[in-house]
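Read through the structure below, which is laid out as structure tokens, and then see the notes.
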Amino acid sequence: MGEDHVPAGDLRFYAFVQFFPMVIAPFLIWLYPGKVTYIRSIVFVIAWYLLAKIAEYFDAAIFDALHFWSGHTVKHFLGAVTLVNVVKILRAWRLDGGC
């Protein structure tokens, strides 16, 4: 993303979809401690997602440092790691009779 990039339109819904899960997940874990047995995995998901958002923010700086990967590329890699953790949570939840 260059300096001249200006978002167009109303991005409030985008921001809501991007960040609300990170805000609500810790609250729900705190609110229902006995219901959530995969807290460590959920914390990993949130951490990987935050790292992906940081990589997205520092897109150009990462490319300048690495010269072959941009922050956008790193973001997608970290997003894939996040997805692997989500799948592990869902698989364990299903095996425990959650679904």
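Couple of notes before you dig in:
- Sequence-ordered 3J(HN,Hα) estimates for the range 57-64 from the Karplus curve with 6.51, -1.76 and 1.60 and θ = phi - 60° stand at 5, 9, 3, 5, 5, 5, 5, 4 Hz, glycine and proline given as x.
- If the segment from residue 60 to residue 27 were pulled out straight at 0.36 nm per residue, it would be longer than the present Cα-Cα gap by 8.5 nm.
- Potential extension, residue 43-residue 13 segment - 0.36 nm per residue separation minus Cα distance: 8.4 nm
- Rounded, prolate or oblate (a/c below 1.5 giving rounded, otherwise prolate when a/b exceeds b/c) for the range 12-95 by Cα gyration tensor: prolate
Every read-out reported here was derived from the displayed coordinates using simple, explicitly stated rules and does not represent laboratory data. Keep in mind that what you see is a predicted model, and the values were worked out from it rather than measured.
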